[in-house]
Amino acid sequence: MRSIHIDLGKDSYDIHIEKGLLDQAGQYVRQLTSAERLAVISDDTVDALYGDRLQASLEQNGYDVRRIVFKAGEESKNMASLADLYQGLADADITRSDAVITLGGGVPGDLGGFAAATYLRGVPFIQIPTTIIAQVDSSVGGKVAVDLPSGKNQAGVFYQPKGVLIDPELLTTLPVRFIHDGLGEVIKYGCIRDKYLFELLEQLDDTTLSEHWDEIIERCCTIKARIVEHDVLDMGERMLLNFGHTIGHAIERCYGYGYYTHGEGVAAGMAMLTAVTEEKGLTEAGTTARLDAVLQQYKLPVTVSAAPQQLLPYISHDKKKRGHRLTLVIMNAIGKSELLPIESKDIPDYVRKVGGE
Ligand code: NAD
Ligand code: GLY
């Protein structure tokens, strides 16, 4: 068992990582809550795969379990689904001394976490993430949200879980595109903070990766935990986690959500920006070539066909933009990164094809 403690004062919690943990979830949940009843929020794909096993483990540990299931996919991360979840929690008679478990990827985690944060002004919740994105990123750090018609994650709060239970074995059923999608974020952690992780990924490939999931997830969660401990409200250091995201989000929006996955957008965003910062002497020579190689090794894009001019309008709406300034995250060398505030007028100089205009 690998465990990481995240120290957030009264909101502190542990992240446990072990293959087969799903079947022992009841014992761990027992240590986290004295609730009598648990609402397990999941999507229909994950519920069909893992809902019965989780319910069995919880019931063996004396819980009265109610399952609340919504349709899988980002399209469900909205106010209508949230209203359905509130109704499901009310129908299940969930009280503030009970608890919610979110079982699934980032969508059940964000949507179910937001429901837990706001139902009855807050019911304790526990995350059981089942995708790479969720196991290395979204289940840790307390950002929960729903999408609005005007943008992704626009209604949300910070609400920390009581614990995170990660079973890497659950990744065996994840479709390959979601594996690569998640690897975009894993490579990001290597870039910003962990040269060892980056070099491990350079040595592995699609077939050998699965033997190393526990270690990879532990390294990513440890980086995220340490960053969140310093900056839980995302005012400074936590922005490092957005490496590749400024251009990545612009790519996702420019092509329409779903064409490029989030991890693919981040991959191209990291590669395009690093090519520019290396040319400017802000990044160690040779870094772009290594980044491009590792991204391509995991079938991730290093650029897109859209012209920089097509991406720029979406960057002017970036959440990291404040007034006339935008904070970029740049990689100085593999495993080292910094925040680089730039003037809005200079954005086109960082969002361009290297060697081009
Ligand atoms: P997701 O939850 O929609 O999962 C992707 C797909 O994989 C779904 O169809 C799901 O049913 C399926 N799936 C999940 N686990 C599976 C498994 N083990 N086997 C087979 N299929 C499985 O989305 P995601 O990719 O996990 O996460 C993306 C979401 O996470 C976005 O909404 C994003 O905004 C959010 N996010 C949040 C944070 C945060 O800090 N809160 C960070 C990153 C991403
Ligand atoms: N996923 C970025 C963050 O949690 O800040």
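Before moving on, here are some points about what is shown:
- Sum of -39500 (n - 2.57) over DSSP H runs of 4+, divided by residues of the chain (222 nm, nearest 500): -12000 deg cm²/dmol
- With all protein chains in place and a 1.4 Å probe, the accessible surface of the chain carries 52 percent carbon and sulfur.
- Once the chain from residue 158 to residue 296 is taken as fully extended at 0.36 nm per residue, the excess over their C-alpha distance is 46.2 nm.
- For peptides 159-169, 56-66, sequence by mean Cβ density within 10 Å, most packed first: 159-169, 56-66
- Here the peptides 290-296, 269-275 are ranked by packing, the mean other Cβ count within 10 Å, and the order with the highest first is 269-275, 290-296.
- Principal-axis analysis of the Cα atoms of the chain puts helix 287-297 at an angle of about 50° to the longest axis.
- Taking all protein chains as they are arranged and a probe of 1.4 Å, the heavy atoms of residue 4 leave approximately 10 Å² accessible to solvent.
- Highest average packing first - 39-48, 117-126, Cβ atoms within 10 Å: 39-48, 117-126
- Surface accessible to a 1.4 Å probe, per residue, for the residues of the chain, Å²: 41 Å²
- Rounded to the nearest 10 Å², the accessible area of residue 16 at probe 1.4 Å: 30 Å²
The values are calculated or read from the model by the stated rules, or taken from the named source; none is laboratory data. Computed from a prediction, not measured in an experiment: that's the story for all the values here. For neighbour counting, all protein chains shown are included, and Cβ atoms are generated from backbone atoms with ideal geometry for every residue, glycine included. Heads up: the accessible areas ignore ligands, DNA and RNA and are worked out on the full protein's heavy atoms, side chains in. Shrake-Rupley method; radii C 1.70, N 1.55, O 1.52, S 1.80 Å.
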